Every structure is written in structure tokens, then in C-alpha cells.
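Structure, as C-alpha cells:
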Amino acid sequence: MSRSTYFPPPPPPPPRLPPYKPRGGAKAPVVHKESPPPPGSFGIGIEMELLLESRFTPSAADNTFPRFARQCAMSYNSSVPSPYPRMHSLVQAHKSLAIIHFEPAFEALVPPERRGNEYSRSNWLDNPQLGYQNLSRDQSIELIESRNTTDEIIGIMNPNQSKYFGWNFLPLKTFRTIEFRRGSASLSANDAFTWVELAMSFIQAAMIQPSSQQLLRYPRTIGGLKDFIQYAHLPQQEGAYNSAYLQRLFTGSHPNAKLNPIPVGHLSEQKRAKLQRKMDADTASNPMLDIIASAQQHGVA
């Protein structure tokens, strides 16, 4: 697929999934069938926030949730990339190092309301094992490199088994996915897939970096992040890498732009209570994970 400023035509809709069966309450839990994933496969989970009403004032025809939902359904592609090397601790370390290193570039890309957000904290600054220990980014990278197992890396990236960080490694244990929680709210399918493309391309580029020395050659800026993905020479293919979406995101951003994360710190009583309600609700049921589990149970995923 040639590089172009135009967006590709939407892929076909995904296969029909079995009925959604939520967990929690008095309902019977989903029974998982233990079956190994395809050799060398992995998934990437993306958490997206969908705005039901626009912050702007477009016409009514362009501002309806049903129209947006239809467009997303038409554009969605169940496109986990083709087989990649089986994930192990070294691969997880490469991803973790890239996330810590390029966090200032992501901070400059995300909208202001996603910065200093208690639901997507900095994996470095708000981390009891890294930032709270006064470790610099380089020192944090050295610490991650010293770990030998995937569980140890998960414990560093998501301390206290908390998913409320910009990147969530906890689903690796069950669903073999990584969740990206920093994307902007989406008003269209193109908006959503721009963030999906950024997360997927970034993780794929991180997986093929030979060493932290190679990684540290890139500045922690938007331009450095763009070069990091571009120089990975990812193949242009539908559902795996499409530079048009990345160009859409990077256009208008200064290549030297970078921002330090905003520490969440101590929450107000109101925010702490709201976060606790969210945590309690997630404990009872997680719709996205329920859907994945149901799909796996029925052999769809």
C-alpha cells in the first residue's frame, strides 16, 4: 500500500460474535476453555473513550451516536497482526523501555484532559517503584533491564496490580494483550483508528529494537517518536501498519515538542471516592474482557 494523505477504504466488518454474557452479581461466570493461542501470536488491547456529543456544533446528521457507531462498525477490522515472535520477558522489557523513554512525546500528543489523569497515570512518575523512588528515566530503564521474568516487568509497569496507568500490562497474564489508555476521545472512526495505529505501530517498533542503547539514540520528542516508528520499516499492510493515520496525528505537531507528565499525587476526597466506585465496578464486571473471554470460549478469538 503506497503512502498517501488519503485514508484507506474501510475494511469489512468483523465476524459476528456470540451473545455478550456479563459477569458479576448472581449470574454465572464465563467458563474459560483452556486452549493455547496460535503459535507466535499476540494481541494489543486499546481502551477508547467515545464522545456521545461533540464538543463542537456540527450538523445534527454528523453529531449522532448511531451514525458514529455505524461508521466504527464499518471501519473496524478484527486485525490482530500476522504472527510475531512469541512474547517472553525480553519482548516485554523492550516494550516497557520504549514506553518509559518516549513518555514525554506521548504527553505532548495527548489532549490536555488526558494529562495528570488518575485513570491513566504515568508509568514512570506515578510509579511507587520508579518515580516515587526518585529514579530518573534512564535509571528506571536500567531497573527494568535487570528483571528476568514477565511477571517482574508487569509488577514494575503496573504496581499493586493496578491497571490505572497509561499502559496496562496486567492483561498479559490472561488475554496476552497490552492495553493503551492514553488515547483521546473519538468523534469518528478515523479519530479512533489514529490512536489504534499509534499504539500498534509503537509496540511493533519497540519489539524489534535490539537494545536500550539503540533506543536511547532517539530523542524523547514527537519527532524522535516519529523516527522511531518510521525507521522500524514496518510493512504497509491493512490492519497492521498504515502511515496515513500516523501522519494525520503528527501533522501540525512540532518535532521538538515534549512534555513531562503531570503527577497525579494525592487525590481529593471527591476524586478518590469516584475512583473507588470505578474500581469496584471493574471488579464486578469488565465488559471488554467479558467480550474477549466469550469470543475465546466460542473459538472466535
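The values are calculated or read from the model by the stated rules, or taken from the named source; none is laboratory data. Because the structure is a prediction, the values reported are computed rather than measured. Methodologically, a virtual Cβ is constructed for each residue, glycine included, from the backbone with ideal geometry; neighbour enumeration extends over all protein chains shown.
Looking for whichever is surrounded by 22 or more Cβ atoms within 10 Å (Cβ to Cβ), at pLDDT below 90, among the aliphatic types (A, V, I, L, M) and not in a strand (DSSP E or B) here; the options are ALA206, ALA192. Which one fits? Testing whether each residue is surrounded by 22 or more Cβ atoms within 10 Å (Cβ to Cβ), at pLDDT below 90, among the aliphatic types (A, V, I, L, M) and not in a strand (DSSP E or B) leaves just ALA192.
For the range 155-177, the set of residues classified as among the polar types (S, T, N, Q) and either surrounded by 16 or more Cβ atoms within 10 Å (Cβ to Cβ) or in contact with a strand residue (DSSP E or B) (Cβ under 9 Å, 6 or more places away or on another chain) (or both) consists of ASN158, SER162, ASN168, THR177, listed by residue number.
For the range 195-205, the count of residues that are in the same structural domain as SER96 (by the TED database) and without any contact (Cβ under 8 Å) to a residue 12 or more places away in the chain is zero. Checking GLU118, GLU152 one by one, the residue that is surrounded by fewer than 18 Cβ atoms within 10 Å (Cβ to Cβ), in a helix (DSSP H, G or I) and touching a residue at least 24 places away in the same chain (Cβ under 8 Å) is GLU152 and no other. Quick one: would you say HIS94 is at pLDDT 95 or above, under 17 Å from the mean Cα position of the chain (by Cα) and either surrounded by fewer than 19 Cβ atoms within 10 Å (Cβ to Cβ) or not charged (D, E, K, R) (or both)? For HIS94, the condition - at pLDDT 95 or above, under 17 Å from the mean Cα position of the chain (by Cα) and either surrounded by fewer than 19 Cβ atoms within 10 Å (Cβ to Cβ) or not charged (D, E, K, R) (or both) - is not met. Taking (1) modelled with pLDDT of 95 or more; (2) surrounded by 18 or more Cβ atoms within 10 Å (Cβ to Cβ) in turn, ASP227 satisfies each apart from (2). Going by the structure shown, is SER184 within 14 Å of the chain's Cα centre (by Cα) and not in a helix (DSSP H, G or I)? Criteria met by SER184. If you go through the range 140-149 and keep only what is part of a helix (DSSP H, G or I) and either over 25 Å from GLY265 (Cβ atoms) or outside the structural domain of LYS95 (by the TED database) (or both), you end up with GLU142, GLU145. Among the criteria (1) more than 26 Å from ASN117 (Cα to Cα); (2) surrounded by 15 or more Cβ atoms within 10 Å (Cβ to Cβ); (3) at pLDDT below 90, the one ASN286 does not fulfil is (1). Checking the structure you have, find out if any residue of the range 123-139 is assigned by the TED database to the domain that holds LYS163, charged (D, E, K, R) and more than 19 Å from GLY183 (Cβ to Cβ). Yes, the range 123-139 has at least one match.
Summed over the range 163-211, the residues that are basic (Lys, Arg) and over 25 Å from GLN297 (Cβ atoms) give a count of 2. Please determine whether any residue of the range 97-104 is without any contact (Cβ under 8 Å) to a residue 12 or more places away in the chain and either under 21 Å from GLU197 (Cβ atoms) or surrounded by 15 or more Cβ atoms within 10 Å (Cβ to Cβ) (or both). No, every residue in the range 97-104 fails to be without any contact (Cβ under 8 Å) to a residue 12 or more places away in the chain and either under 21 Å from GLU197 (Cβ atoms) or surrounded by 15 or more Cβ atoms within 10 Å (Cβ to Cβ) (or both).
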